[in-house]
Every structure is written in C-alpha cells, then in structure tokens.
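Beneath this line is the structure, given in structure tokens, with notes to follow.
The values are calculated or read from the model by the stated rules, or taken from the named source; none is laboratory data. Since the model is a prediction, treat every value here as computed from it, not as a measurement. Neighbour counts are summed over all protein chains in view; Cβ atoms, including those assigned to glycine, are modelled from backbone coordinates with ideal geometry. We work out accessible area using only protein heavy atoms, side chains counted, and drop any ligands, DNA or RNA first. Shrake-Rupley method; radii C 1.70, N 1.55, O 1.52, S 1.80 Å.
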Amino acid sequence: MTTELDARAQALLAPFSLQGKVALVTGASSGFGREFAYALSAAGASVVLAARRIDRLEEARDAILDAGGKAMAVAMDVTDRVSIDAALDAAEAEFGTITVVINNAGISMPQPLLHMEDEAWDKLINTNLSSVAYVTKACAARMVAADVAGSIVNIASILSIRVQSFLTSYAAAKAGVVQFTRAAALELAQHNIRVNALCPGYFATEITSDWLASAEGAQLKSRIPQQRAGEIEELFGPLLLLASDAGSHMTGTSLVVDGGHVHSEL
C-alpha cells in the first residue's frame with residue numbers, strides 16, 4: 001500500500017531519474033568515467049561509453065548489460081573532430097540523440113614547468129581542455145538540430161581553484177574548463193541546454209589508490225579538513241544532480257566535491 005509519504009518521496013526523487021535519456025561518457029574505459037557510466041545507467045540512462053581503448057570499454061559495457069542496463073561502446077579520440085562525429089553517428093543510430101554529456105576524458109602529466117616540453121603541454125591542453133570544447137560543440141549542435149533539451153557536465157578539478165607544484169599544465173587546463181563552462185552556459189541556455197562543471201578533489205581510484213596510501217598521500221590527506229580522500233560513490237549524487245532534471249535551474253555552475261580541501265590553507 002502506497003502512503004502519502006511514499007508518494008511524496010517518489011515525487012521528490014523523480015527528477016533525478018535519467019529514464020529515457022541517452023548519456024555519453026568520454027574517458028569511460030577506467031577511473032571516474034567507468035564509474036560514472038555505471039551510475040548513469042543505474043539512474044535509467046542508455047549509456048554510450050567512449051574512449052580510445054575499445055577493449056576496456058567493452059568490459060565496462062558488458063558489466064552494464066549484465067546488470068540489466070542499456071549501453072554501447074564507441075571508439076572516440078576526443079582531440080579529433082572526425083573521430084567525435086563518427087562516434088556520435090554510431091550512438092545516434094543505436095540510441096538516438098545524446099542529451100546528457102559527461103566530458104570526463106583527461107590525462108595528468110606532472111612535470112616541473114622549466115622542464116616541460118612544448119609537445120607535452122600541447123598534448124595535455126588538447127586532451128583536457130580543447131576536447132571539452134570539441135565534444136560540447138558537436139553534441140550541442142545535434143541537440144539543437146533535434147530540438148531537444150540537454151545537460152552537459154564537464155569534469156574539472158579543485159586544481160581549477162587552488163594550485164599544486166608540477167601540475168601547471170593540468171591546473172591551467174582545468175581552470176580553462178571552468179571558464180569555458182561558464183561561457184558555454186550563457187550561449188546554450190537559449191537552446192535549453194545546461195552546462196555545468198564538477199570539480200572533484202582527491203578520490204581513491206585504480207590510478208590514485210596506491211599513491212593515497214603512501215606517506216606523501218597521507219600528508220596530503222592531513223591537509224583536507226575531513227582528513228580523508230573521497231570515495232567514488234560520493235561523486236554520484238553531485239553528478240546526477242547536474243545531469244538530471246533535478247538541476248534544471250542550474251547552469252554555469254562549478255560544483256566542488258573535495259571534503260573542504262579548497263578552503264584549507266594552500
């Protein structure tokens with residue numbers, strides 16, 4: 001028997017559903033991207049997992065399919081417009097117009113500024129910043145052509161706000177992602193397309209877990225007000241808020257999830 005309280009709870013949670021939505025996740029072969037794809041699927045979206053490593057993508061896709069979700073894997077080089085368009089064509093043929101975009105693809109190349117080669121700078125900026133513009137433009141153009149609303153979530157970082165040694169190129173790129181998000185939000189609002197950024201702090205993933213367990217990682221965690229790194233599941237709520245209709249009046253926002261790190265002393 002459904003009570004009035006149950007009905008109110010269902011009404012409150014309904015906007016977080018992604019049922020009927022098609023969601024693209026770039027950099028979905030590992031780390032945040034792979035976990036984000038699972039979360040979006042659990043919320044009801046048909047998920048398009050994109051990355052260059054198609055074998056890893058297929059593993060993640062199969063896990064979603066085995067759990068009863070809808071998913072497909074597409075090869076995509078986010079720095080190549082031709083590759084982006086080909087991947088979007090394949091996604092549309094399978095699921096229809098993509099209406100939720102998670103621009104997650106990125107790399108980190110810690111290096112002292114004085115020793116950084118121009119090629120390394122260009123590679124990181126292209127992967128972490130230019131790709132966000134390329135994918136956003138391509139997906140938004142298709143949403144406009146199909147006359148559908150959409151949500152674009154760009155994965156930035158707390159290093160868009162604070163700084164850390166040897167990550168000059170990474171910090172510059174992520175700061176660019178935040179400012180791009182704000183500007184794109186202004187332009188795309190007239191098309192009912194929202195653009196927001198998610199700025200994670202330090203989270204335990206397959207890439208960072210060993211480092212976070214090291215002495216250097218422990219020292220970093222001691223500077224976080226909550227005295228710990230985040231667990232990946234703690235990003236799902238903020239991600240779904242921005243991706244779903246629950247955040248329908250949010251655009252141009254940068255949502256920080258970091259245990260209070262940005263408010264601690266540099």
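Annotations for the structure displayed:
- Those residues of the range 77-116 which are of a type in the set (Val, Ile, Thr) and free of Cβ contacts under 8 Å to residues at least 60 places away in the same chain, in sequence order: Val78, Thr79, Val82, Ile84, Ile107
- Spans of helices (runs of 4 or more DSSP H) in the range 24-107 with at least 1 residues of a type outside the set (A, V, I, L, M) and under 22 Å from Ser254 (Cβ atoms): 31-42
- If you check His191, His249, His261 for being of a type outside the set (A, V, I, L, M) and crowded, with 17+ Cβ neighbours inside 10 Å, only one passes: His261.
- Any hit, the range 165-176, residues being among the β-branched types (Val, Ile, Thr) and either outside any helix (DSSP H, G or I) or closer than 20 Å to Leu40 by Cβ (or both): no
- Summed over the range 194-204, residues that are open to solvent by 20 Å² or more (accessible area, probe 1.4 Å) and farther than 17 Å from Leu242 by Cα total 2.
- Restricting the range 108-138 to residues that are touching a helix residue (DSSP H, G or I) at 6+ places or on another chain (Cβ under 6 Å) and in a loop (DSSP other than H, G, I, E, B), the residue that is farthest from Leu49 (Cα to Cα): Met109
- Looking only at the range 97-119, and only at residues there that are among the hydrophobic types (A, V, I, L, M, F, W, C) and under 23 Å from the mean Cα position of the chain (by Cα), the one that is nearest to Leu18 (Cα to Cα): Val100
- Check on Met72, buried (at least 22 other Cβ atoms within 10 Å of the Cβ), out of contact with any His (no Cβ under 9 Å at 6 or more places or on another chain) and either on the phi < 0 side of the Ramachandran plot or not basic (Lys, Arg) (or both): no
- Residues satisfying the stated conditions in the range 123-164, i.e. in contact (Cβ under 8 Å) with a residue 12 or more places away in the chain, within 24 Å of Gly259 (Cβ to Cβ) and open to solvent by 20 Å² or more (accessible area, probe 1.4 Å): Ser160, Ile161, Arg162, Val163
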